[in-house]
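S.K.: Structure incoming, see below.
The values are calculated or read from the model by the stated rules, or taken from the named source; none is laboratory data. None of these values were measured; they are calculated from a predicted model. Neighbour counts run over all protein chains shown; Cβ positions are idealised from the backbone, glycine included.
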Amino acid sequence: MRLISFRPSILAVTIAALLTAGTAVAQGQPSKGEQALKYRKAVYQAIAWNFGPMSQMAQGKIPYDAKEFELRAGRVAALAPMLSESYSAESRTVTGSKAKPELWTQRADFDAKMNDLVERSAALATVAKSGDAAKSKQAFLDTAATCKACHDKYKAD
Ligand code: ASC
């Protein structure tokens, strides 16, 4: 009797699971490539958000605040190494990306530039902990230069 009473519930759960999965496909869940692009943009957005106050301090638009600078620098250093995996093979043909085709054909150079960002943002986070305004601002400019170097070559705009 137990088995008989269990079977309908197992069946119901199975049907529900299949329907849910079917609905997800029918509604067009993002592909692996689309997910990678979404993730990429989110990480860049988070980096830009944290770049903001450092940029303002480096330009003298707001006063240098060592603690604030250290917080932002640490976040950027943590985020930068997350970017590389978002340039997955599946994401190459996804629409909505500003990546130029050259990014995919000159991948070694792109990866080297990405590595420059990772290394300089790590150096930035280290320098920021010292609380030295001049050195922190310079390390920020060095990091921002790695953004620009890559954008100039591989970002369409
Ligand atoms: C930023 C930002 C970038 C870089 C770049 C550096 O704050 O959003 O893309 O710095 O402008 O030159």
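S.K.: Of all the residues that make up the range 34-54, how many are touching a residue at least 60 places away in the same chain (Cβ under 8 Å) and in contact with a helix residue (DSSP H, G or I) (Cβ under 7 Å, 6 or more places away or on another chain)?
M.R.: 3
S.K.: Condition first: more than 13 Å from the ligand (Cβ to nearest atom), of a type in the set (A, V, I, L, M), in contact with an Asp or Glu (Cβ under 6 Å, 6 or more places away or on another chain) and in a helix (DSSP H, G or I). Can you find one or more residues in the range 125-140 that meet it?
M.R.: yes
S.K.: Right, here's the next one. Which one of these does A73 not meet: (1) of a type in the set (G, A, S); (2) surrounded by 18 or more Cβ atoms within 10 Å (Cβ to Cβ); (3) closer than 20 Å to A36 by Cα?
M.R.: That leaves (3) as the condition not met.
S.K.: On to the next question. Restricting to the range 83-107, name every residue that is within 19 Å of the chain's Cα centre (by Cα), of a type outside the set (F, W, Y), over 21 Å from A48 (Cβ atoms) and in a helix (DSSP H, G or I).
M.R.: A89, E90, R107
S.K.: Tell me the residue from R120, R92 that is buried (at least 17 other Cβ atoms within 10 Å of the Cβ) and either touching a helix residue (DSSP H, G or I) at 6+ places or on another chain (Cβ under 9 Å) or within 14 Å of R40 (Cβ to Cβ) (or both), please.
M.R.: One residue alone meets the criteria, R120.
S.K.: Evaluate the following for Y64: is it touching a helix residue (DSSP H, G or I) at 6+ places or on another chain (Cβ under 7 Å), more than 19 Å from A156 (Cβ to Cβ), at pLDDT 95 or above and assigned to a helix (DSSP H, G or I)?
M.R.: Working: touching a helix residue (DSSP H, G or I) at 6+ places or on another chain (Cβ under 7 Å): yes; more than 19 Å from A156 (Cβ to Cβ): yes; at pLDDT 95 or above: yes; assigned to a helix (DSSP H, G or I): no.
No; evaluated as a whole, the condition is false for this residue.
S.K.: Quick check on A66: is it without any contact (Cβ under 8 Å) to a residue 12 or more places away in the chain and surrounded by fewer than 16 Cβ atoms within 10 Å (Cβ to Cβ)?
M.R.: Working: without any contact (Cβ under 8 Å) to a residue 12 or more places away in the chain: no; surrounded by fewer than 16 Cβ atoms within 10 Å (Cβ to Cβ): yes.
No; evaluated as a whole, the condition is false for this residue.
S.K.: Out of everything in the range 31-63 that is of a type in the set (S, T, N, Q), buried (at least 16 other Cβ atoms within 10 Å of the Cβ) and under 14 Å from A144 (Cα atoms), what residue ends up being nearest to the chain's Cα centre (by Cα)? Even if it seems obvious, please write down each step before you answer.
M.R.: In the first step, residues of the range 31-63 are kept if they are of a type in the set (S, T, N, Q); the result is 31, 35, 45, 50, 55-56, 59.
Applying the additional criterion that residues be buried (at least 16 other Cβ atoms within 10 Å of the Cβ) yields 35, 50, 55.
Pick out the ones that are also under 14 Å from A144 (Cα atoms) and you get 50, 55.
Numbers: N50: 12, S55: 19 Å.
Out of the qualifying residues, it is N50.
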